[in-house]
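**Student:** Dropping the structure in here first, questions after.
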Amino acid sequence: MTDDEVIYCSYHPNVETRLRCSRCGTPICPKCAVQTPVGFRCPDCVRSQQAVFYTASPLDYGIAVVVGLVISTLAALILSQVGIFLVLILGPLAGGVIAEVVWWVIRRRRGRWIWLVVSICIALGGLLSLILSALLLNPISLISLIIYTVLAISVAYGRLR
């Protein structure tokens, strides 16, 4: 490459650059460059490098939905009846247990979106608990259910992310 040669970013064709990916040599601008310990990499190389860590199959996502929804619904039914103060203690515990059981059932495989699937299942479990309790004419504490859902999702997210 000579000093007079102008190259443009592969991802932003209007941006001039002299920076190249340290792995594939693709021209990249500072907006696209991802700093790694061995130099700047393009988004495609970073994405392909991260993909090897995600080993979950589509079947694992289905299993996560079933297990997460069942356990979350049961936990929400139980915790909605124990009172707000116990929910503050047991809600995060339930979220951690749900995350660990799902992770154990899918044989500790990691998935890019497992955290999202489990979080949605916890929210749906809380909603399903609300519907089941209304049909059975059991009194339900809406505040306890909301607290459980928020705390359980935050712990499951932190555990599976």
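Just so it is clear, none of the values below were taken in a lab; they were calculated from the coordinates. Note that the structure is a prediction, hence the values are computed from the model and not measured. Quick reminder, even Gly has a Cβ in these numbers, built from the backbone with ideal geometry, and neighbours come from all protein chains shown.
**Student:** Under the definition of Cα pairs under 8 Å and six or more residues apart, what whole-number percent is the relative contact order of the chain?
**Tutor:** 23 percent
**Student:** Separate question: Rg/Rh for segment 68-161: what does it come to with C-alpha atoms and Rh from Kirkwood?
**Tutor:** We get a ratio of 0.99 for segment 68-161.
**Student:** Which angle from 0 to 90°, rounded to the nearest 10, does the C-alpha axis of helix 114-135 make with the longest principal axis of the chain?
**Tutor:** On a 0 to 90 degree scale, this one is about 20.
**Student:** A follow-up question, please. How large is ³J(HN,Hα), in whole Hz, for each residue of segment 90-101 in order, when computed from phi with the Karplus curve 6.51 cos²θ - 1.76 cosθ + 1.60 and θ = phi - 60°, using x for Gly and Pro?
**Tutor:** In residue order, the calculated couplings are 7, x, x, 4, 4, x, x, 5, 4, 4, 5, 5 Hz.
**Student:** How big is the Rg/Rh ratio for the chain, C-alpha atoms only, Rh by Kirkwood, two decimals?
**Tutor:** In the chain, Rg relative to Rh is 1.25.
**Student:** Let me ask something else. For segment 7-51, calculate the relative contact order in percent as a whole number, restricting contacts to Cα pairs under 8 Å that are 6 or more residues apart.
**Tutor:** 29 percent
**Student:** Using +1 on the beta carbon of Lys and Arg, -1 on that of Asp and Glu, and nothing else charged, what's the dipole of segment 58-160 about the Cα centre, debye to 20?
**Tutor:** 380 debye
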